[in-house]
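Here it is: the structure, laid out below.
The values are calculated or read from the model by the stated rules, or taken from the named source; none is laboratory data. Just so we're clear, the structure is a prediction, and the values are computed from it rather than from any experiment. FYI the Cβ positions are ideal-geometry reconstructions off the backbone, even for glycines, and counts take in every protein chain you see.
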Amino acid sequence: MPSFTVYKGSKDGSIVKSKTTKPDLQDDQVLIQITASGLCGTDEHYRTSDMALGHEGAGIVEQLGPSVKYLKKGDRVGWGYEHDSCGHCEWCLSGKETYCPDRAFYGVADLDQGSFASHAVWKESFLFQIPDSMTDAEAAPLMCGGATVFNALRMYDIQPTDHVGVIGVGGLGHLAIQFAAKMGCDVIVFSGSDSKKEEALKLGAKEFVAVKGQKELNISRPINALLVTTSAQPDASVNADWPLMIPAMAPDSTIFPLAVSGGDFSIPYQPMIQKGIRIQGTVVAPRNVHRHMLEFASLHKIKPILMEFPMSEEGITEAMETLKRGRMRYRGVLIPGKA
Ligand SMILES: NC(=O)c1ccc[n+]([C@@H]2O[C@H](COP(=O)([O-])OP(=O)(O)OC[C@H]3O[C@@H](n4cnc5c(N)ncnc54)[C@H](OP(=O)(O)O)[C@@H]3O)[C@@H](O)[C@H]2O)c1
Ligand SMILES: [Zn+2]
Ligand SMILES: [Zn+2]
């Protein structure tokens, strides 16, 4: 029976080291020794829940269940937000298992294990082989952050001729800039201040706007697709808000609100109608798109910019504080055994 260390959230927000024991491996289950885990903005939402945290995992296959078919001991694999789905509903059959009514998602299912841990047990069919061109630490943030932004661009047919906007240069945002630029799109970035300008341009953005306090945008051309990768809904006190952004949208354009947030979504109504603007919700990526994301990242050398922290109660706490204070550049990665 595999038994391993996990790090959990708790009522007062402190990180608690705990132990999880699983039954002997069954069917296509795989035991993975974790070598790196990304820290995603969504983990912050579960910090006060009594559950194992982390959903951007990378590691090495240590043990195989009796019906594992493709993976071998020693293979490098990653996993993300979804751990299982029913396999026979309309959404599973059409390659959109992220919308399966019986999906097993982080925060809802399998609360006894996550990627802030020494090991985890997952189904082979929800694991992804890590390309040789990337380290485990580089691959981990792609498992949720990379998959989410790639999915928005890929699933909704963004064209290389499109002007793609990204609001918020964090873990998701700095990957969105790279993916969209490498897809051939013109990328414009909206960030609270000028502090991330140089890096955003290096990552492939053509234009950068420090939006806090601006009353009107003066940009090169209207935006066809806008990825909202802020940690909360756009807010003028931090960066952009909708009355500022909507006039910058092109007719027949799409807004992808990716931020996880409570409350309602509210934007100026008439301009949305008059310009035919679509609001497209989206979550992570189904497995086929996730695989393409890894291939694309490998081919085009897309890599997250990382800050490493030890995989320990102190290391996770420090990483989460760094993210909360807006000091992460640009994705925190927890590494077991790091001093
Ligand atoms: N839909 C999905 O499937 C999915 C998947 C993964 C993550 N998410 C969500 O996506 C969002 C971004 O995640 P992340 O890991 O990239 O977070 P992150 O690294 O914290 O980046 C968020 C960025 O938002 C801006 N920001 C900071 N505080 C803000 C505030 N109070 N209000 C508005 N903007 C603020 C900052 O950018 P600037 O400094 O450039 O302004 C910051 O770098 C989170 O809400 C996360 O939960 C959704
Ligand atoms: Zn995430
Ligand atoms: Zn299903």
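When the range 242-272 is examined, which residues are found to be of a type in the set (Gly, Ala, Ser) and part of a helix (DSSP H, G or I)?
From the range 242-272, those of a type in the set (Gly, Ala, Ser) are 248, 250, 253, 259, 261-263, 266; that's our starting set.
Correct list: 248 only.
Got at least one residue in the range 71-82 being crowded, with 17+ Cβ neighbours inside 10 Å, within 16 Å of ligand 1 (Cβ to nearest atom) and more than 27 Å from residue 326 (Cβ to Cβ)?
Within the range 71-82, one or more residues are crowded, with 17+ Cβ neighbours inside 10 Å, within 16 Å of ligand 1 (Cβ to nearest atom) and more than 27 Å from residue 326 (Cβ to Cβ).
Identify the residue in the range 318-339 that is in contact with a strand residue (DSSP E or B) (Cβ under 9 Å, 6 or more places away or on another chain) and in a helix (DSSP H, G or I) and, among all such residues, is farthest from ligand 1 (Cβ to nearest atom).
In this case the residue turns out to be 318.
Suppose we keep only residues that are hydrophobic (A, V, I, L, M, F, W, C), surrounded by fewer than 24 Cβ atoms within 10 Å (Cβ to Cβ) and touching a strand residue (DSSP E or B) at 6+ places or on another chain (Cβ under 6 Å) within the range 130-183. Which one would you say is nearest to residue 34 (Cα to Cα)?
Applying the filter and picking the extreme gives 137.
Tell me the residue from 123, 206 that is farther than 26 Å from residue 311 by Cβ and modelled with pLDDT of 95 or more, please.
Only one candidate qualifies: 206.
Follow-up. Does residue 285 qualify as being within 26 Å of residue 332 (Cβ to Cβ), part of a loop (DSSP other than H, G, I, E, B) and not assigned by TED's automatic domain parsing to the domain that holds residue 83?
Yes: the conditions hold for residue 285.
If you don't mind, another one. Quick check, is residue 13 under 26 Å from residue 171 (Cα atoms), more than 16 Å from ligand 3 (Cβ to nearest atom) and part of a loop (DSSP other than H, G, I, E, B)? Step through it out loud before you land on a result.
Details: under 26 Å from residue 171 (Cα atoms): yes; more than 16 Å from ligand 3 (Cβ to nearest atom): yes; part of a loop (DSSP other than H, G, I, E, B): yes.
Considered against the rule, which asks whether it is under 26 Å from residue 171 (Cα atoms), more than 16 Å from ligand 3 (Cβ to nearest atom) and part of a loop (DSSP other than H, G, I, E, B), residue 13 comes out as yes.
Could you check the range 293-316 and list, in sequence order, the residues that are assigned to a helix (DSSP H, G or I), touching a strand residue (DSSP E or B) at 6+ places or on another chain (Cβ under 9 Å) and in the same structural domain as residue 56 (by TED's automatic domain parsing)?
313, 315, 316
If you don't mind, another one. More than 30 Å from residue 270 (Cα to Cα) and more than 16 Å from the chain's Cα centre (by Cα): does that describe residue 170?
Against the criterion (more than 30 Å from residue 270 (Cα to Cα) and more than 16 Å from the chain's Cα centre (by Cα)), residue 170 does not qualify.
For (1) surrounded by 15 or more Cβ atoms within 10 Å (Cβ to Cβ); (2) under 29 Å from residue 43 (Cβ atoms); (3) not aliphatic (A, V, I, L, M), each residue gets a yes or a no:
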| position | (1), (2), (3) |
| --- | --- |
| 233 | yes, yes, yes |
| 240 | yes, yes, no |
| 245 | yes, yes, no |
| 271 | no, no, yes |
| 285 | yes, yes, no |
| 289 | yes, yes, no |
| 295 | no, yes, yes |
| 301 | no, yes, yes |
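Moving to a separate point now. So for the range 255-270 (the condition being at negative phi, charged (D, E, K, R) and modelled with pLDDT of 95 or more), does at least one residue qualify?
no
Which residues, taken from the range 184-199, are surrounded by 18 or more Cβ atoms within 10 Å (Cβ to Cβ) and either in contact with a helix residue (DSSP H, G or I) (Cβ under 6 Å, 6 or more places away or on another chain) or among the hydroxyl-bearing types (Ser, Thr, Tyr) (or both)?
187, 189, 191
Within the range 87-129, restricting attention to residues that are away from ligand 3 (no atom under 13 Å from the Cβ) and polar (S, T, N, Q), which residue is farthest from residue 289 (Cα to Cα)?
My answer is 118.
For residue 54, which of the numbered conditions (1) over 19 Å from residue 309 (Cβ atoms); (2) within 23 Å of the chain's Cα centre (by Cα); (3) part of a loop (DSSP other than H, G, I, E, B); (4) in contact (Cβ under 8 Å) with a residue 12 or more places away in the chain fails to hold?
Only one criterion in (1) over 19 Å from residue 309 (Cβ atoms); (2) within 23 Å of the chain's Cα centre (by Cα); (3) part of a loop (DSSP other than H, G, I, E, B); (4) in contact (Cβ under 8 Å) with a residue 12 or more places away in the chain is unmet by residue 54, namely (1).
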